[in-house]
Amino acid sequence: MSDWEGVRLHVLSGKGGTGKTTVAAALALALAVEGRRVLLAEVEGRQGIARLFDTAPLDYTERKLTGGPRGGDVYGLAIDPEQALREYFTLFYHLGPAGQVLERLGAIDFATTIAPGLRDVLLTGKAYEAARRRTRSGYAYHAVVLDGPPTGRITRFLNVNTEVAGLAKVGPVHNQAQSIVRFVKSPRTAVHLTTLLADMPVQETADAIADLRAAGLQVGAVMVNQVRAPLLAPAGLRQAASGRIEPATVAAGLAAAGLDPAAGLVATLRRQAEDHAARIDLESRERAIVAGLGRPVYELPLLADGVDLAGLYELALALRDQGAA
Amino acid sequence: MTAGSPTTGPALPLHLDLDALLDDPQTRIVVCCGAGGVGKTTTAAALAVRAAERGRHTVVLTIDPAKRLAQSLGLQHLDNTPRAVAGVDTAAGGSLDAMMLDMKRTFDEIVLAHAEPRRAHQILTNPFYVSLSSSFAGTQEYMAMEKLGQLHATGQWDLIVVDTPPSRSALDFLDAPSRLGSFLDSRLIRTFLVPAKAGGRIYRKIVTTGFGVATGAMTRLLGGRLLQDVQTFVAALDTMFGGFRERAEQTYRLLQAPGTAFLVVAMPEADALREAAYFVDRLAAEKMPLAGLVLNQMHTVDTGAGSAGVSTGGDSGGAVAGVGTPGVRAGGVGTGGVGTGGTRGSGTLSAERALAAAEALDAVPEQELTAGLLRLYADRVAAAARDRRLADRFISTHPAVAVAQAPAQPVDVGDLPGLREFAAALSAGQR
């Protein structure tokens, strides 16, 4: 049983550099079990998903990326605001010739590159459409995982439709914006935050949770990425933390292993141990702060060889084991 | 360019001499840009502290600093005005002010400065304006550049260090001035204004027909009320057109001026370096003066000879050679091929040998500590090798870009002494 049963739209945010795309991909894989289809979408035009899955650049066509480790399928989509707007014009508003006039006047250009904010309306609108799309046999996708903007912009991004609904007080845009607002604020949407066990990402996570809540958005889990086990045993860590590693002990150990116990090497090993202990100490403090945020926490191991498909499967299984999917 | 003179042979990466850059009175603006999470804000703050303590009258404009960093600069209050940073050493005759961007207030100030009071009031209370100035993504980029222009115009500081917003794309702020221009010039906006301004009758007829259809469509989409708000807003804005566009163009020219230095900030990760490469190319295309690349968070292996942060690059170079990195640039950014002499003792211990030794020691319970230390060492050597490889790949494809690097810190920088130390490591390195 997943912790997020009933969630149709998973949005991933986090401080830059915390691995949002990786975690979004791992979550999509974890959700894709037993014939389920999951859509993994990006909105920033970075082609991070294509790079991660080592495939040709994604476009506005939903394309199968891979099978999940347990029998489902992950599809990929790069949401492009321009295409989304054209789709709106034709599909939703049946604008016909008026749409063409708007296009000639540069409305598409205007909306997607010049007018700030409208872009976000289009991007969230497309994610909403995909999450609610139905086929004869039910929903087209079991879930949509959105690789979203970083923490600094996530609340504004998801809340843009509230703004729009307030501005356009009547008409189809108003209604559409209202529906999106209802959807992203309902328990059918969860905003997960990726972090590292470091001061600034954790602080930003805490700030983002407060912002999202204040905007009435549903905060999901905190996903701690790139977690590594200590390389020293507890006793060694304690000694290192207090600077009490005896050079003589280390030199003797090196000699016993047949290595040259040079003073320079001993000093390096001691300094590395002290840095490592400081890092571990910081991480345990950050871990305590994360635990205190009041959200489910999942930990993802650091992939020593970089992120590839095998690594993503490993992360997906870690997420499943912890109940994230 | 002021920085980037080679310190050694031509095959090695150019050394980015940050002190020379900061000390040069011709350097008036330093822009730190790069992907999110690479330490842009910290780098900007650290360089500002260093410049101030080396005698420059400096102001640092931060966009969205982490709480602790903001506190270390005395930025608890967001009031859109530079304030003196306490604790900075002013013995060299310099000073440091810091401010955090308030985008709405900056926008309001422009309106107030450029429109007569009645118009200004009309704009400031327009619902479309209120959304535009406070909630919509993209405004931050406009306003960051606007604020830079303002700070520069006061002539109060001889060095401005700017951080850039956490944009969708790191390039958004470069596009901000021209985008503002196209916003004001866009046919859609002009169409909104035409009924009030068009001259000839035929022209008016053609345009208003198009306008009627378009307005009809827009009204259906948005509702008449919003359309009215937008029209009122655009009409009010029209009076400020000249001022706006002129300023946008001025800021753009300012960024191209020889007194401006762009620093692309990155860390040794594929995504960050890819973005850095993209940025380098884009700056060249825009004729923006690039000073060089700041490479943060480089894992290094220090053998303890010489002071930390200076010799590290060289030592990791030696260690890396042991794990079989292709030898072409084994010295990499850090060493410039010099400085490894005399520290060979541990530089020759490879990750493999360290791991083998650790395994041998596992059989002996009392050697648990040394076994652990050797594993940690092997891990550090591998991390340094990986970072070096990534950095070297960037350097070999961008041989003309000068580089400064800072070693990975065990804990985050979050106070003034930390910033000072970080800047010292950045400036000192790689000789």
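The values are calculated or read from the model by the stated rules, or taken from the named source; none is laboratory data. Because the structure is a prediction, the values reported are computed rather than measured. Methodologically, a virtual Cβ is constructed for each residue, glycine included, from the backbone with ideal geometry; neighbour enumeration extends over all protein chains shown.
For the reader, a short list of remarks on this structure follows.
- Across the stretch A:216-231, the number of residues qualifying as at pLDDT below 95 and of a type in the set (A, V, I, L, M) comes to 2.
- Residue within the stretch A:161-175 that is over 27 Å from B:Phe128 (Cβ atoms), surrounded by fewer than 24 Cβ atoms within 10 Å (Cβ to Cβ) and more than 10 Å from chain B (Cβ to nearest Cβ) present: no
- Condition met for B:Ala404 (in contact (Cβ under 8 Å) with a residue 12 or more places away in the chain, within 14 Å of another protein chain (Cβ to nearest Cβ), buried (at least 24 other Cβ atoms within 10 Å of the Cβ) and closer than 20 Å to B:Ala272 by Cα): no
- If the condition is being more than 21 Å from the chain's Cα centre (by Cα), under 26 Å from A:Asp211 (Cα atoms) and more than 11 Å from chain A (Cβ to nearest Cβ), then the stretch B:110-156 contributes B:Leu124, B:Thr125.
- Neighbours by Cβ (under 6 Å, 6+ apart or cross-chain): first from the stretch A:232-246, away from chain B (no Cβ under 11 Å) and among the aliphatic types (A, V, I, L, M); second outside any loop (DSSP other than H, G, I, E, B) and surrounded by 13 or more Cβ atoms within 10 Å (Cβ to Cβ): A:Ala241/A:Ala277
- The stretch A:37-57, residues that are more than 14 Å from chain B (Cβ to nearest Cβ) and within 18 Å of the chain's Cα centre (by Cα): A:Val38, A:Leu39, A:Leu40, A:Ala41, A:Phe53
- Qualifying positions in the stretch A:123-160 - within 12 Å of chain B (Cβ to nearest Cβ) and in a helix (DSSP H, G or I): A:Leu123, A:Thr124, A:Thr151, A:Gly152, A:Arg153, A:Ile154, A:Thr155, A:Arg156, A:Phe157, A:Leu158, A:Asn159, A:Val160
- The residues listed here are B:Ala86, B:Ala70, B:Ala52, B:Ala35; of these, the one that is crowded, with 24+ Cβ neighbours inside 10 Å, at pLDDT below 95 and not polar (S, T, N, Q) is B:Ala35.
- Sole residue being facing chain A (nearest Cβ under 9 Å) and at pLDDT 95 or above, chosen from B:Leu349, B:Leu374: B:Leu374
- Selection count where residues are outside any helix (DSSP H, G or I) and surrounded by fewer than 20 Cβ atoms within 10 Å (Cβ to Cβ), scope the stretch B:100-125: 4
- Matching entry among B:Arg389, B:Arg420 (being outside the structural domain of B:Ala66 (by TED's automatic domain parsing), farther than 17 Å from B:Glu269 by Cβ, surrounded by fewer than 22 Cβ atoms within 10 Å (Cβ to Cβ) and charged (D, E, K, R)): B:Arg420
- The single condition among (1) away from chain B (no Cβ under 12 Å); (2) part of a helix (DSSP H, G or I); (3) touching a residue at least 40 places away in the same chain (Cβ under 8 Å) that A:Ala190 does not satisfy is (2).
- Answer residue from the stretch B:253-276, given it is surrounded by 15 or more Cβ atoms within 10 Å (Cβ to Cβ) and more than 14 Å from chain A (Cβ to nearest Cβ) and is farthest from A:Gly45 (Cα to Cα) among those: B:Gly259
- For the stretch B:256-271, the set of residues classified as in a helix (DSSP H, G or I) and modelled with pLDDT of 90 or more consists of B:Gln256 only.
- A:Ala316 meets the stated requirement of being aliphatic (A, V, I, L, M) and either surrounded by 15 or more Cβ atoms within 10 Å (Cβ to Cβ) or more than 11 Å from every other protein chain (Cβ to nearest Cβ) (or both).
- Exactly one residue among B:Val338, B:Val333 is surrounded by 24 or more Cβ atoms within 10 Å (Cβ to Cβ), among the aliphatic types (A, V, I, L, M) and either in contact with a Gly (Cβ under 7 Å, 6 or more places away or on another chain) or modelled with pLDDT under 90 (or both), and that residue is B:Val333.
- Condition broken by B:Gln71, with the remaining ones in (1) over 16 Å from B:Leu18 (Cα atoms); (2) within 14 Å of chain A (Cβ to nearest Cβ); (3) under 19 Å from the mean Cα position of the chain (by Cα) satisfied: (3)
- In the stretch A:210-225, of all residues being out of contact with any helix residue (DSSP H, G or I) (no Cβ under 7 Å at 6 or more places or on another chain) and crowded, with 20+ Cβ neighbours inside 10 Å, the one that is nearest to A:His276 (Cα to Cα) corresponds to A:Ala221.
- Residue match in the stretch A:269-289 (condition: assigned to a helix (DSSP H, G or I), more than 12 Å from chain B (Cβ to nearest Cβ) and surrounded by 15 or more Cβ atoms within 10 Å (Cβ to Cβ)): yes
- The single residue among A:Gly306, A:Gly258, A:Gly253, A:Gly264 that is buried (at least 21 other Cβ atoms within 10 Å of the Cβ) and either touching a His at 6+ places or on another chain (Cβ under 9 Å) or within 13 Å of chain B (Cβ to nearest Cβ) (or both) turns out to be A:Gly253.
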